[in-house]
Amino acid sequence: MGVVTRGTTNPNRLRRVDNWIAWRCGDLLRDATDPLVVDLGYGATPITAVELRGRLAAAVRPDIRVVGLEIDPVRVAAAAPAADPPGLTFARGGFELAGLRPALVRTFNVLRQYDESQVASAWQTMIDALAPDGVIVEGTCDELGRLASWLLIDATGPRSLTLAARLSTLDSPAALAERLPKALIHRNVPGEGVHALLRALDDGWRDAAPYATFGPRQRWLHAVTAVRVAGWPVRDRPNRWRLGEITVDWSAVAPR
């Protein structure tokens, strides 16, 4: 179920979200009877699936299994030489997840090309195929992975939104607006929660300009702190913020 994506990808493009998955979803995968992860829509080359398998095997558990799914059979055939069964395999499939029951699905830059009206049904199709307590990490990033955002979704729907940036190249948090998940990218308008969040983060970044003397990390830390002080439901602790992340409850940014 679905349509073929553009397929563009690059090594390390999804490093930020992979490391977040290992941290945020590590316990879920460690406790899973079958530690199966699906990389849905890996693209024209299998590099991001290969990297996901390597990172989760090193950080979470060595017996993790990653299955890369693509709707294009040509891409599946091209990925075959990169397979390393049983830890890494490739198959044809879409939002129905090819009959698999994964504990986790990572799907990036897939729903970006769909209409906003199609997002909820795509989420539900994947949710219906998950293992019990399974989750979906769905998002978007730029070509080099310097700007990214993603949603954590469980059986009840979205739970959180994470924005992430390479701080050394970040001019303004407003740049993250171009890489919002499909469910939110058209909601960056006055009156919507995600617009208010980006504005609060941008204001905090501007006000923290004096801390740029100590590096972009310190500036980001103070910007995120300002967002939290302003009443936003910011999750996690400064050790995650230092990585260029900010995670908020979905309820704060859900479309109105």
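The values are calculated or read from the model by the stated rules, or taken from the named source; none is laboratory data. From a predicted model like this one, the values you see are computed outputs, not experimental measurements. Backbone-built Cβ (ideal geometry, glycine too); neighbour counts: all protein chains shown. All accessible areas refer to the heavy atoms of the entire protein, side chains included, with ligands and DNA or RNA removed. Shrake-Rupley method; radii C 1.70, N 1.55, O 1.52, S 1.80 Å.
Conditions (1) at pLDDT below 95; (2) outside any helix (DSSP H, G or I), marked per residue:
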residue: L198; (1), (2): no, no
residue: G204; (1), (2): no, no
residue: W232; (1), (2): no, yes
residue: R240; (1), (2): no, no
residue: T247; (1), (2): no, yes
residue: R256; (1), (2): yes, yes
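Does L52 fit the bill of being among the aliphatic types (A, V, I, L, M) and under 13 Å from V137 (Cβ atoms)? So L52 passes the test.
Filtering region 226-256 to residues that are β-branched (V, I, T), open to solvent by 60 Å² or more (accessible area, probe 1.4 Å) and in contact (Cβ under 8 Å) with a residue 12 or more places away in the chain leaves nothing. Here's a check for you: in region 209-225, which residue that is free of Cβ contacts under 8 Å to residues at least 24 places away in the same chain and within 23 Å of the chain's Cα centre (by Cα) is farthest from R187 (Cα to Cα)? So, considering only residues that are free of Cβ contacts under 8 Å to residues at least 24 places away in the same chain and within 23 Å of the chain's Cα centre (by Cα), the one farthest from R187 (Cα to Cα) is L221.
There is at least one residue in region 127-143 that is modelled with pLDDT under 95 and under 30 Å from R101 (Cα atoms). As a summary of the residue check, V189 satisfies the conditions (1) out of contact with any Phe, Trp or Tyr (no Cβ under 7 Å at 6 or more places or on another chain); (2) more than 19 Å from R112 (Cα to Cα); (3) free of Cβ contacts under 8 Å to residues at least 12 places away in the same chain except for the one numbered (2). The conditions of being closer than 16 Å to I136 by Cα and at pLDDT 95 or above are not met by T89.
Taking the listed residues P35, P81, the one that is touching a helix residue (DSSP H, G or I) at 6+ places or on another chain (Cβ under 7 Å) and farther than 22 Å from V110 by Cα is P35, with no other qualifying.
Highlighted here are the helices (runs of 4 or more DSSP H) found entirely within region 3-84 that include at least 3 residues which are modelled with pLDDT of 95 or more and surrounded by 16 or more Cβ atoms within 10 Å (Cβ to Cβ): 15-24, 47-59, 73-79.
Consider region 182-210 and keep the residues that are open to solvent by less than 30 Å² (accessible area, probe 1.4 Å) and of a type in the set (G, A, S). The one that is farthest from W123 (Cα to Cα) is A208.
Tell me which residues, restricted to region 163-186, are touching a residue at least 24 places away in the same chain (Cβ under 8 Å) and assigned to a helix (DSSP H, G or I).
First pass over region 163-186, keeping only residues touching a residue at least 24 places away in the same chain (Cβ under 8 Å): 163-168, 170, 172-176, 178-186.
Within region 163-186, L167, S168, P173, A174, A175, L176, E178, R179, K182, A183, L184, I185 qualify.
Exactly one condition in (1) part of a strand (DSSP E or B); (2) of a type in the set (V, I, T); (3) surrounded by fewer than 20 Cβ atoms within 10 Å (Cβ to Cβ) is false for T107; which is it? T107 satisfies every listed condition except (3).
Restricting attention to region 142-178 and to residues that are in contact with a strand residue (DSSP E or B) (Cβ under 8 Å, 6 or more places away or on another chain) and open to solvent by 70 Å² or more (accessible area, probe 1.4 Å), the residue that is farthest from W123 (Cα to Cα) turns out to be R166.
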